[in-house]
Amino acid sequence: MPLKNCSDYFSLALIPLAICSMTVNILLYFPNGDTTYAASSQLTNYVWYFEGICFGGIMMLIIAVVLLLVDYYNCCIPSHMGTKTFDASCSKLGSPVFAILGVAFSGYSLIISSLGLSQGPFCRTLDGWVYPFKDTSVGYLSQSSTWSQCIEPANVVEWNIILFSILIALSALQVIICLLKVIYDLKIILCGTHSILVHPEAV
């Protein structure tokens, strides 16, 4: 399927971003590749919101495919004398709606990932399994000397910071792309139409 314009590239760009979001979110369940913490639910609670898997991943893949299909759909409008008009702006009426849904899904992923980064990891300290950085207002990010209080899982602070930061970046890109698509398609719809008259075939 050949791409027609930059609007199609916006939709296509959502696909690798969605795949990356799912991959990063899955990695959050296995600190250092260890599966035991997910099995015992000893992970930060924000990974269970499935922001990267469902909302920034699967739902965004669906949105991307629907947007590509909508962009290639032509509205056929019957007119007088048996002619048919294919209206490019009409074909894009559904595109901004799905793009706005994309903003909502990726925005959810962005918010949850930001909260997960702000709260910090759930880990075992000398006081047991707690959120040692919960009340630091992300101040722990610049205080690497405090990360050692997380005894288990090993290197969980770095693991969470890197992966949640990547999820935030991916979600932010998705939000920007969807917003650009909304603006682009609304401009086409509101600022003009491009119609092609098709004469009826001879009987």
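When you have a sec, figure out the Kirkwood radius of the range 1-53 from all distinct Cα pair distances and drop it here in Å to one decimal? Spell out each step's value before the answer.
Numbers: mean 1/r = 0.0769 Å⁻¹.
13.0 Å is the Kirkwood radius here.
So if I take the centroid of the Cα atoms in the range 19-37 and the same for the range 142-187, what is the distance between those two points in Å?
14 Å
Would you mind checking which residues have amide H under 5 Å from Thr125's amide H? H placed 1.01 Å from N; only 5 or more apart, or other chain.
Distant-sequence amide H within range of Thr125: Val130, Ile151.
Taking only the C-alpha atoms, wrap a convex hull around the range 123-170 and report its volume per residue in Å³ as a whole number.
Working: hull volume 3.6 nm³, N = 48.
It is 75 Å³ per residue.
Output wanted: per-residue J couplings in Hz (rounded whole) for the range 161-169, from phi through Karplus 6.51 cos²θ - 1.76 cosθ + 1.60, θ = phi - 60°, x for Gly and Pro.
4, 5, 6, 5, 5, 5, 4, 4, 5
Read-outs throughout are calculated quantities, based only on the coordinates presented, and are distinct from any laboratory measurement. It should be emphasised that the depicted structure is a prediction, and the values quoted were computed from it without experimental measurement.
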